[in-house]
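Engineer: Okay, handing you the structure first.
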Amino acid sequence: VAENAASGTSVATMSATDVDAGDTFTYTLVAGTGDTDNASFTIDGATLKTAGVFDFETKSSYSVRVRVTDAGGLSFEKEFTITVINVNEAPTALALSNASVLENAASGTSVGTLAGTDADAGDTFTYTLVSGTGSTDNASFTINGSSLQAVASFDFETKTSYSFRLKVTDKGGLSYEKEFVITVADINEAPATLD
């Protein structure tokens with residue numbers, strides 16, 4: 001079953017073999033070896049269904065024990081392993097290691113390092129500046145790998161903060177966007193004139 005599938009998703013249709021031609025069967029989850037995860041499933045007729053939403057990163061397989069009973073009341077039991085299929089999940093957060101830059105720092109100065117958060121272990125990310133809410137000052141920045149860099153030298157006395165919007169995209173093409181504000185840190189500057 002694919003992770004994140006809704007509760008009640010069909011996992012498998014069960015069938016039984018009996019030497020009595022035309023026999024009918026009922027299926028039940030029963031206690032015994034391999035019943036560890038019986039509570040995570042239900043049986044509807046001959047269909048095994050989920051009784052919850054599964055997360056591959058939390059648990060990748062489940063064990064159930066099923067009994068088949070024929071019309072005459074005789075039965076057979078078997079343990080089954082249900083595998084959870086990992087699916088790509090979108091990034092859920094985006095962080096920047098620093099929220100300020102010194103005024104007068106040279107163009108190309110690294111402002112901070114970007115980091116995406118994703119439930120998929122070992123996922124890789126690409127970062128881009130995108131239009132949308134908060135993208136007012138996107139042109140003042142560039143991205144080099146996971147490093148956010150200033151395109152110009154900022155002057156605190158002219159502008160004290162810059163707003164931009166970033167998107168993190170995982171290797172499966174799913175993304176998350178966030179608005180950031182960087183403040184310009186004032187530094188002591190030498191006098192410009194003397195009268």
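Engineer: Considering segment 51-83 alone, what residues qualify as being closer than 30 Å to Tyr127 by Cα and among the aliphatic types (A, V, I, L, M)?
Structural biologist: Of everything in segment 51-83, nothing turns out to be closer than 30 Å to Tyr127 by Cα and among the aliphatic types (A, V, I, L, M).
This table checks each residue for (1) part of a loop (DSSP other than H, G, I, E, B); (2) open to solvent by 30 Å² or more (accessible area, probe 1.4 Å).
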position	(1), (2)
Val101	no, no
Ser107	yes, yes
Asp123	yes, no
Thr126	no, yes
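Engineer: Scan segment 39-61 residue by residue and report those that are assigned to a strand (DSSP E or B) and among the aliphatic types (A, V, I, L, M).
Structural biologist: Ile43, Leu48
Engineer: Let me ask another. Mind checking whether some residue in segment 155-168 is open to solvent by 60 Å² or more (accessible area, probe 1.4 Å), closer than 30 Å to Glu57 by Cβ and either in a loop (DSSP other than H, G, I, E, B) or in contact (Cβ under 8 Å) with a residue 40 or more places away in the chain (or both)?
Structural biologist: no
Engineer: Just wondering, is there one or more residues in segment 63-74 that are more than 30 Å from Thr183 (Cβ to Cβ), open to solvent by less than 50 Å² (accessible area, probe 1.4 Å) and touching a helix residue (DSSP H, G or I) at 6+ places or on another chain (Cβ under 7 Å)?
Structural biologist: Yes, that holds for at least one residue.
Engineer: Suppose we filter Phe80, Phe56 for residues that are open to solvent by 30 Å² or more (accessible area, probe 1.4 Å), closer than 17 Å to Thr13 by Cβ and of a type in the set (Phe, Trp, Tyr); which single one remains?
Structural biologist: Phe80
Engineer: Looking only at segment 28-38, decide whether some residue is assigned to a helix (DSSP H, G or I) and surrounded by 12 or more Cβ atoms within 10 Å (Cβ to Cβ).
Structural biologist: Taking every residue of segment 28-38 in turn, at least one turns out to be assigned to a helix (DSSP H, G or I) and surrounded by 12 or more Cβ atoms within 10 Å (Cβ to Cβ).
Engineer: If you don't mind, there's one more thing I want to ask. Residues being at pLDDT below 95 and not small (Gly, Ala, Ser): count how many of those fall in segment 89-110.
Structural biologist: Qualifying residue count, segment 89-110: 7.
Engineer: Select from segment 107-126 the residues that are closer than 15 Å to Ile182 by Cβ and under 22 Å from the mean Cα position of the chain (by Cα) and list them in ascending order.
Structural biologist: Selection gives Thr113, Leu114.
Engineer: With the structure loaded, tell me whether Asn138 is without any contact (Cβ under 8 Å) to a residue 60 or more places away in the chain and surrounded by 15 or more Cβ atoms within 10 Å (Cβ to Cβ) or whether it fails that test.
Structural biologist: Considered against the rule, which asks whether it is without any contact (Cβ under 8 Å) to a residue 60 or more places away in the chain and surrounded by 15 or more Cβ atoms within 10 Å (Cβ to Cβ), Asn138 comes out as yes.
Engineer: Need pairs with beta-carbon distance below 6 Å; first residue touching a residue at least 40 places away in the same chain (Cβ under 8 Å) and within segment 41-65, second aliphatic (A, V, I, L, M) and part of a strand (DSSP E or B); sequence gap 6+ or separate chains.
Structural biologist: Phe41/Leu48; Phe41/Val64
The values are calculated or read from the model by the stated rules, or taken from the named source; none is laboratory data. Here the structure is a predicted model, which is why all the values come from computation and not from measurement. Methodologically, a virtual Cβ is constructed for each residue, glycine included, from the backbone with ideal geometry; neighbour enumeration extends over all protein chains shown. The accessibility values were calculated without ligands, DNA or RNA, using every heavy atom of the protein model including side chains. Shrake-Rupley method; radii C 1.70, N 1.55, O 1.52, S 1.80 Å.
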